[in-house]
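Here the structure is laid out as structure tokens; the discussion comes afterwards.
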Amino acid sequence: NEVLIRTLKKYIDEHLDHELSRKELANSVFLSESYISHIWRSVTGSSLKDYITTMKIEQAKKMLRETGYSISQIALMLGYTHFAYFSSTFKKKTGFTPAEYRKQGERNILTP
């Protein structure tokens, strides 16, 4: 089970640039969707969807801090086709809109 989880995490990390589905993940390891979801939850305590969202938002935070890409470019680069959905998901996970997060990061850099 640990090997399966590591394999899925690696696949997710390498494919954050598009919308990942359970079907795609299951196909990548030649197992059923329900089986990988069951194993994932039993080992990690969370859902696959929550992990994928968390990883995408963590990548978005990094890109907001370290790049000059626009927020809509970052959303597209992470596989979000609807900017409003990306923005609301980001706010649910972080407490900030992407613009607020970027501005806060700029403030922290400028403050000694």
| remark: Among residues of segment 12-28 being free of Cβ contacts under 8 Å to residues at least 40 places away in the same chain and either in a loop (DSSP other than H, G, I, E, B) or closer than 17 Å to residue 46 by Cβ (or both), the residue most open to solvent (accessible area, probe 1.4 Å) is 22
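Please verify whether residue 31 is within 15 Å of the chain's Cα centre (by Cα) and either surrounded by 15 or more Cβ atoms within 10 Å (Cβ to Cβ) or assigned to a loop (DSSP other than H, G, I, E, B) (or both), treating the condition exactly as stated. Break it down into steps so the answer makes sense when it comes.
Details: within 15 Å of the chain's Cα centre (by Cα): no; either surrounded by 15 or more Cβ atoms within 10 Å (Cβ to Cβ) or assigned to a loop (DSSP other than H, G, I, E, B) (or both): yes.
For residue 31, the condition - within 15 Å of the chain's Cα centre (by Cα) and either surrounded by 15 or more Cβ atoms within 10 Å (Cβ to Cβ) or assigned to a loop (DSSP other than H, G, I, E, B) (or both) - is not met.
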| Take the residues of segment 48-100 that are crowded, with 16+ Cβ neighbours inside 10 Å and not in a helix (DSSP H, G or I): which is farthest from the chain's Cα centre (by Cα)? | 96
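Hey, among the residues in segment 5-23 that are aliphatic (A, V, I, L, M) and modelled with pLDDT under 95, which one's nearest to residue 58 (Cα to Cα)? Give the derivation first.
In the first step, residues of segment 5-23 are kept if they are aliphatic (A, V, I, L, M); the result is 5, 8, 12, 16, 20.
From what is left, the residues that are modelled with pLDDT under 95 are 16, 20.
On the way: 16: 11, 20: 16 Å.
Only one residue tops the list, namely 16.
Working carefully through the options 84, 75, 26, find the one that is touching a Pro at 6+ places or on another chain (Cβ under 9 Å) and among the small types (Gly, Ala, Ser).
On the way: 84 fails: touching a Pro at 6+ places or on another chain (Cβ under 9 Å); 26 fails: touching a Pro at 6+ places or on another chain (Cβ under 9 Å).
None of the other options fit; the residue is 75.
The values are calculated or read from the model by the stated rules, or taken from the named source; none is laboratory data. As the structure is a computational prediction, the values presented were derived from the model and not from experiment. No Cβ is skipped: glycine too gets one built from the backbone with ideal geometry, and neighbour counts run over all protein chains shown. Areas reflect the complete protein model, heavy atoms only, side chains present, ligands, DNA and RNA absent. Shrake-Rupley method; radii C 1.70, N 1.55, O 1.52, S 1.80 Å.
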